[in-house]
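Structure, as structure tokens:
Just so you know, all these numbers are worked out from the coordinates, no wet-lab data involved. Keep in mind the model is a prediction, meaning the values are calculated, not measured. Neighbour counts are summed over all protein chains in view; Cβ atoms, including those assigned to glycine, are modelled from backbone coordinates with ideal geometry.
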There are 2 protein chains.
Amino acid sequence: MKKIVIIGGCAAGPKVAAKCRRMNKENEIHLYTNENIVSYSACGLPYYIEGIVPKIENLIIRTPEEFRETGVNVYLDHTCTKIIPDEKAVIINNEKIKYDELVLCTGARAKDIKIEGGHLKNVFKLRTIQDGIAIREKMKTAKSAVIIGGGYIGIEILEALIANNIKVEMLEAGNQILSNFDKDIAKIIQNHIHKKDGDKVVIRENTKVEKIVGKDEFVGIITDSGEVIEADFCIIATGVTPNSEIAHEAGIELGRSGAIRVNNRMQTNIEHIWAAGDCCEKHCLITKVPMYISLGSIANKEGRACAINVSGGDEKFEGILCSFVTRYFDFTISTTGLTEEHALEYSKFIDIEPIAATVKKHDRAGYMPNTNEITLKLVADKRTGEVLGAQAVGKGDADKRINIATSAIKSKMTIDELINLDLTYAPSFGTPIDPLLEAAYKLKKIIDNKRHN
Amino acid sequence: MKKIVIIGGCAAGPKVAAKCRRMNKENEIHLYTNENIVSYSACGLPYYIEGIVPKIENLIIRTPEEFRETGVNVYLDHTCTKIIPDEKAVIINNEKIKYDELVLCTGARAKDIKIEGGHLKNVFKLRTIQDGIAIREKMKTAKSAVIIGGGYIGIEILEALIANNIKVEMLEAGNQILSNFDKDIAKIIQNHIHKKDGDKVVIRENTKVEKIVGKDEFVGIITDSGEVIEADFCIIATGVTPNSEIAHEAGIELGRSGAIRVNNRMQTNIEHIWAAGDCCEKHCLITKVPMYISLGSIANKEGRACAINVSGGDEKFEGILCSFVTRYFDFTISTTGLTEEHALEYSKFIDIEPIAATVKKHDRAGYMPNTNEITLKLVADKRTGEVLGAQAVGKGDADKRINIATSAIKSKMTIDELINLDLTYAPSFGTPIDPLLEAAYKLKKIIDNKRHN
């Protein structure tokens, strides 16, 4: 019998707890969270704000009671402040608690902002259930908002606000929204948003926020060019920071990203201390380079692998491919592997020669009523022909193609092998030669031409 | 300059013609079809009958005029009756026509029926544009129909008829509908149809048609148990036969399926004679065994590869994975690779030990409004762990998972590699751990248990 202590209650922590329980009925399992809620889908918060998900309870996966019924002890509002590896103990709410195995699932928090006025009332972030409730409440009486940050959380909040008739100014410090996409693809997304909702939203790139203004409450922001933008409230969506401080203080190694370094069994450098989810650094299967990304699907898979190992099994979590999907209403935004720009960047360090092709195609037979266009960009290594990445956006079924590419990248499929892949076809599901295969064929021709010239 | 003669005008023929033109501007290209129309989507005919596709013209991909504008000569109502390889000539409408390269895209026809009364008025098949027009016309004044055959064409016609308030008796001679699915999965499909439309449709397995009755017009059928089923019309959908007779008479080798045997460059055994599409035998990439299947996506890919080779290039078409999708209204029916039953059958001849697991899961986050269930069955080789096949059905997005599996099968991915595949996730697109990965995990546990016991 072992005593397993888990710190963190959003995605990875509950997954570890539930799986540890299923793996072994004898072990004592204790899950501590500093929130007043446990086991919820943070990814669903934008849809709760939008109103598609009616109640916050809908986002809860397992209640503390459900956990307790299976013999997992759940402690809400319990904050871990210190890890003492030599004593195999943690300090939680000022009490010393011993462990046999410690699993850190401390997650990530909205990036600490260093901007004047960030503390004002009606300046929100979106990370926790409380944040979601506060934004939805504020939205009811508001007419306009500023979103700081054009990443995917920004886009998801944008949908929520636009659906609720809030006018939005979205300010992006970089030269494009959605930096996990190539500029040309990000531009297509941005153009679509402006075309669909140009009367309600302005997206400004290369716009830094100098200062948030207001006395007690938010009044507006001042940009780096001195412009003043007034609004009823503000949401800061500039990314996340892994919660790795207590780990670091205890001598647990962090990666360059500031997240906890783990091996492929989810072990930290200190024996009997494990980590999973958004507090951990990730390993990119293509570049073989450590990186950081915060996604619920990865947290769940890491949590499962971690639980198996903690319970005495042997399960590897080899790494990720940066696969990602979101939407702006009926417009899908999806990517996997390396973008062309990232691949070019990496080609300075790793042995790849990236080349890309883009196609714009119907997702289904042109004569079917549910047909829509997608734009698909495929990236491959010119020398080996191996698929390196794919991005697909549009009202059509872009996500389907991206996941096929994900599988192809994982198994080092070449463009030549991809071209004739026997994908399913029926008029209401695809085209006789799928857009992904069209892109592969286009890319093959480009590669062949370059080889001959 | 070469003279390329193409026989057949539905899918593969036009693809060969168009691609040959793009490959080489000098070659003379002649396409002959025995139909009065060229280059159309036969797969779209059920949706034309249903009324979703308003006009038959919507199904036409390229008109003869469009072909002629690119310099492809198209001849409608021209029937090829003989191939004379020694003279490099064909007889078309009693005229001898010489070729440098001959491409056979003669397609397939609805299976020749050997049933009494098959010739009666209001007994239809569905293969050509004319068939589609005749059925749609008949449907306007009819109230009931018999569909003979529970294959995918039968199911697609069933949707069309039910949508138009026709009462249907579907008779399947075998012990399940959709023989490219396992019995348990076919049963789920059948139960869904009965649950949704049980007041309008009866599906009877193990029911052979003894005789079609009527004087001049169809009146009804008599089953092998002597039961009489009356209806306003009848559609025979018992599969297709490759049009390979003239090829066979000319000494072109056929496979055991009766379809033309080709190598991976789409060459027949006779020099300068090629074939592509539904008249050809296929090569299964998993079993390495020749087989026959008739699908527009394969016809298009074979056509492309064939055209490249005919034009002097070098393109391989390695084979297929039996990937397939259709629907019954909003219920998706999809498969790839081997079913469990087929895999068990093949395990007598090839070195596999099939094992399967089935999961029933939401396709998206449970709290999203567009969430639906899918049932997914995954088949793998117990010894190597390699994925052999997958079937997915349900109102949810089943097709997405099947195409990921297709890619996995092609690259011989193992269950262990599949389990943590970094698929995209967002609440409106999937679940943190995808149903496909859940099935893989379930299968892994079954395999591990068997290894230990």
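Measure off 7 Å from each Cα along the Cα-to-Cβ vector at B:Asn73 and B:Glu26, then give the distance between these two points in nanometres to one decimal.
1.9
What does the charge count around A:Val168 come to, taking other residues whose C-beta lies under 9 Å from its C-beta (Lys +1, Arg +1, Asp -1, Glu -1)?
Details: positive: A:Lys167, A:Lys200; negative: A:Glu169, A:Asp197.
Here the count lands on 0.
Which whole number gives the average count of other chain Cβ atoms within 10 Å of the Cβ atoms across peptide A:40-53?
3
For the protein assembly as shown, what does -39500 (n - 2.57) per DSSP helix run (n ≥ 4), summed and divided by total residues, give at 222 nm, in deg cm²/dmol to the nearest 500?
Working: 24 runs with 250 residues, N = 906.
Mean residue ellipticity at 222 nm (helix-derived): -8000 deg cm²/dmol.
Which Rg and Dmax, in Å, describe the Cα atoms of the protein assembly as shown?
For the protein assembly as shown, the Cα-based Rg and Dmax read 30.2, 98 Å.
What average number of partner chain Cβ atoms lie no more than 10 Å from the Cβ of the residues making up B:58-68? Let's see the in-between values first.
On the way: counts 4, 4, 1, 4, 0, 0, 0, 0, 0, 0, 0.
Mean inter-chain Cβ contacts per residue within 10 Å come to 1.
Number of Lys-Lys pairs in the range A:40-105 under 30 Å by Cα, sequence gap 8 or more or different chains?
The result is 4.
Give me the orientation-averaged projected area of the Cα convex hull of chain A, in nm², one decimal.
Details: hull surface 96.2 nm².
With every direction weighted equally, the projected area is 24.0 nm².
With the crude spin-label approximation of a point 7 Å out along Cα→Cβ, what separation in nm comes out for A:Lys412 versus A:Lys215?
6.7
So, counting K/R as plus one and D/E as minus one, what does the shell of residues with Cβ under 14 Å around B:Lys412 add up to? Please list the in-between numbers first.
Numbers: positive: A:Lys410, A:Lys412, B:Lys288, B:Arg383, B:Lys410; negative: A:Glu417, B:Glu318, B:Asp351, B:Asp381, B:Glu386, B:Asp416, B:Glu417.
Around B:Lys412, the surrounding residues sum to -2.
For a Förster distance of 51 Å, can you work out the FRET efficiency between the beta-carbons of B:Glu116 and A:Lys360, rounded to the nearest 0.05? Mind showing how you got there, number by number?
On the way: r = 54 Å, r/R0 = 1.05.
Efficiency, rounded to the nearest 0.05: 0.40.
Summing Lys, Arg as +1 and Asp, Glu as -1, what charge do residues with Cβ under 12 Å from the Cβ of A:Ile221 carry, A:Ile221 excluded? Provide the component values of the computation, followed by the final result.
Working: positive: A:Arg204, A:Lys208, A:Lys211; negative: A:Glu116, A:Glu169, A:Glu210, A:Asp224, A:Glu227, A:Glu230.
Cβ neighbours under 12 Å give a net charge of -3.
Distance between Cα centroids, the range B:116-153 to the range A:97-159: provide it in whole Å.
Between the Cα centres of the range B:116-153 and the range A:97-159 lies a distance of 60 Å.
Where a ≥ b ≥ c are the square roots of the eigenvalues of the C-alpha gyration tensor, would you call the range B:65-135 rounded, which needs a/c under 1.5, or, failing that, prolate if a/b is larger than b/c, or oblate?
On the way: a/c = 3.10, a/b = 1.67, b/c = 1.86.
Here the range B:65-135 falls in the oblate category.
Once the principal axes of the Cα atoms of the range A:156-224 are found, what is the range along each, listed largest first in whole angstroms?
For the range A:156-224, the Cα extents along the three principal axes come out at 40, 27, 18 Å.
Given the range A:1-154, what percent of its DSSP beta bridges are antiparallel, to the nearest 5? Intermediate values should be presented prior to the final figure.
Details: 9 of 22 bridges.
Bridges in the range A:1-154 are about 40 percent antiparallel.
Excluding residues on the same chain fewer than 8 positions from A:Lys301, give the lysines whose Cα lies under 18 Å from its Cα.
Correct list for A:Lys301: A:Lys15, A:Lys19, A:Lys282, A:Lys316, A:Lys410, B:Lys361, B:Lys442, B:Lys444, B:Lys445.
Could you please tell me the mean projected area of the C-alpha convex hull for the range B:93-174, averaged over all directions and given in square nanometres to one decimal?
Convex hull of Cα atoms, orientation-averaged projection: 8.2 nm².
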